[in-house]
Amino acid sequence: MKKLLLSAICLLPIGLMAQEAFTIKGKVGNLNAPAKAYLTYSVGKTKVSDSATVTKGAFEFKGNIESPTMASIRIKHDASPVNPDPKKRVPLDVVQLYLEKATINVTAKDSVKNAKITGSKINDDNARYKALFAKMNADVETLMKEYNGYSNEQRKDTTFMKPFMTRYNAANKERGPMNKKFVEENRNSYIGLVTYRSIMGYDIDPTVVEPEYHKFSAALRATQVGKDIQTAIDGAKKTQIGTMFTDFTQYDPEGKAVNLSSLKGKYVLVDFWASWCGPCRQENPHVLAAYSKYKNRNFEILGVSLDEPNKKAEWLKAVKDDGLTWPQVSDLKEGGNTAAKLYGVQAIPFNFIMDPSGKIVAKNLRGDKLEEKLEELLGGKTK
């Protein structure tokens, strides 16, 4: 069994992290070498890749995780190289599962993608959850096959697409209520918590979300998913209307430190975006129009980019291509951007407006709504 840790975190003392041991015992038919099993998962921000030989169909993995973690097991049935032509590749034989402190059994007659997973409460609960949505997902999959057969012209034709969208929406109609019911009935289940995270959304009201979150056990709230929810709640509290802003420091393209507090005294739109974010780029013309109209009325924008490390050139090219003339900052940490984490930003584009005193007066404004709010705030104001 060969394990590769793709991060310097593997150099840290194990005692610094709460570790839980897992074991996977696999059995897929009667496969032998050159068949091989591959396991991939993450420990924190560290990607772990592990491999194991397959003997008479059996293979085994052992490892440590900090919290229940989604993983995948892939079986490569022979030693042939991967075909460089995606259209000619044999579909991967892969199954997803959750790792937890348990001995997890993965059993299949021929392909691991058809495996039955036992010995783990989280995977049992996940199987229960998937069974609830099996028919709905099959119906949606059938509809998506139909959609994929449409031409680009048909997809753009709203009249043509209307009957399809009616059927698609009908097929998904009960998804929301079913998810909510599953959460309410599974407050002691990790899958219940994961489901709650998926339905609570991203532009959250902490006064609604936090009481619901605290209905889950302390142990579940201590998992990484639980911590992520708490981070989102804490961030949402910082952007509630009427709340005073929380200062942060980011860096302009020349590497100069810029504090949000340096703009206090103006109405400031703090705009979280990234060059790789399609919806952000689509929204930029609206932001540009608002800036052109109100920049001389005691109004400023601070663009905070969630671009990736080593992607500074892409960030600056997007700024130039989109004509963004207001101050731009970033720490080039993508989702780890310190300002985004401070404000619990879960998805972009995301923005908020603070008034000259530093009080949050609006958030998540799109398109015409942004200009309407600025007209309300700045209609008669000048520098």
Problem - Nearest-10 value in Å² for the accessible area of ILE122, using the 1.4 Å probe - result: 20 Å²
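Just for the range 232-341, what percent of DSSP beta bridges are antiparallel, to the closest 5? Walk me through the intermediate numbers first.
Details: 4 of 15 bridges.
Expressed as a percentage, antiparallel bridges in the range 232-341 total about 25.
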Handout entry: Charge dipole magnitude, Cβ of K and R +1, D and E -1 - the range 121-263, Cα centre, debye nearest 20
Key = 480 debye
Completion exercise
Length gained if THR207 through LYS181 is fully extended, taking 0.36 nm per residue and subtracting the Cα-Cα distance, is 7.3 nm
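What order do you get for 20-31, 148-159, 199-210 when each peptide is scored by the mean count of other beta carbon atoms within 10 Å, highest first?
Working: 20-31: 18.8, 148-159: 9.6, 199-210: 14.3.
Top to bottom by mean Cβ count within 10 Å: 20-31, 199-210, 148-159.
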Completion exercise
For the chain, inverting the pair-averaged 1/r of distinct alpha-carbon atoms gives a Kirkwood value in Å of 24.4 Å
Problem - Folded to 0 to 90 degrees: helix 158-172 orientation relative to the chain principal axis, Cα - result: 60 degrees
Practice task
Measure of size requested: the Rg and Dmax of the range 230-383, with Cα atoms as the atom set and Å as the unit; please supply both.
Solution key: 14.3, 43
Practice task
Enter the angle in degrees (range 0 to 90, nearest 10) between the Cα long axis of helix 121-132 and the first principal axis of the Cα atoms of the chain, meaning the one along which they spread out most.
Solution key: 80 degrees
Handout entry: Residues of the range 127-143 with amide N under 20 Å of a point placed 7 Å along Cα→Cβ from LYS113
Key = 127, 130-131, 134-143
Completion exercise
The extension gain from LYS45 to LYS130, computed as 0.36 nm times the residue separation minus the Cα-Cα distance, is 27.9 nm
Problem - R0 of 30 Å, Cβ-Cβ distance VAL82-ALA219: FRET efficiency to nearest 0.05 - result: 0.15
Exercise for the section: Might you tell me the accessible area per residue for the range 22-116, computed with a 1.4 Å probe and given in Å²? Expected result: 55 Å²
Completion exercise
When the charge dipole of the chain is computed with +1 at the Cβ of Lys and Arg and -1 at the Cβ of Asp and Glu, the Cα pointing farthest to the positive end, of PRO356, VAL28, GLY119, is that of VAL28
Problem - DSSP bridge orientation in the chain - percent antiparallel, rounded to nearest 5 - result: 75 percent
Practice task
Return the distance in nm (one decimal) between the two label points of a simple spin-label model at THR158 and ALA257, each offset 7 Å from Cα along Cα→Cβ.
Solution key: 5.1 nm
Exercise for the section: Take the alpha-carbon centre of the range 233-300, take the same for the range 49-71, and report the distance between them in whole Å. Expected result: 44 Å
Completion exercise
The set of residues whose placed amide H lies less than 5 Å from the amide H of ASP110, leaving out same-chain residues fewer than 5 positions away, is GLY29
Handout entry: Full-extension gain in nm, ASN188 to VAL94, via 0.36 nm per residue minus C-alpha separation
Key = 31.0 nm
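The values are calculated or read from the model by the stated rules, or taken from the named source; none is laboratory data. Keep in mind that this is a model prediction, so the values were computed, not measured. Positions of Cβ are generated from backbone atoms using ideal geometry, with glycine treated the same way; all protein chains shown enter the neighbour counts. Only protein heavy atoms, including side chains, enter the accessible area calculation; ligands, DNA and RNA are left aside. Shrake-Rupley method; radii C 1.70, N 1.55, O 1.52, S 1.80 Å.
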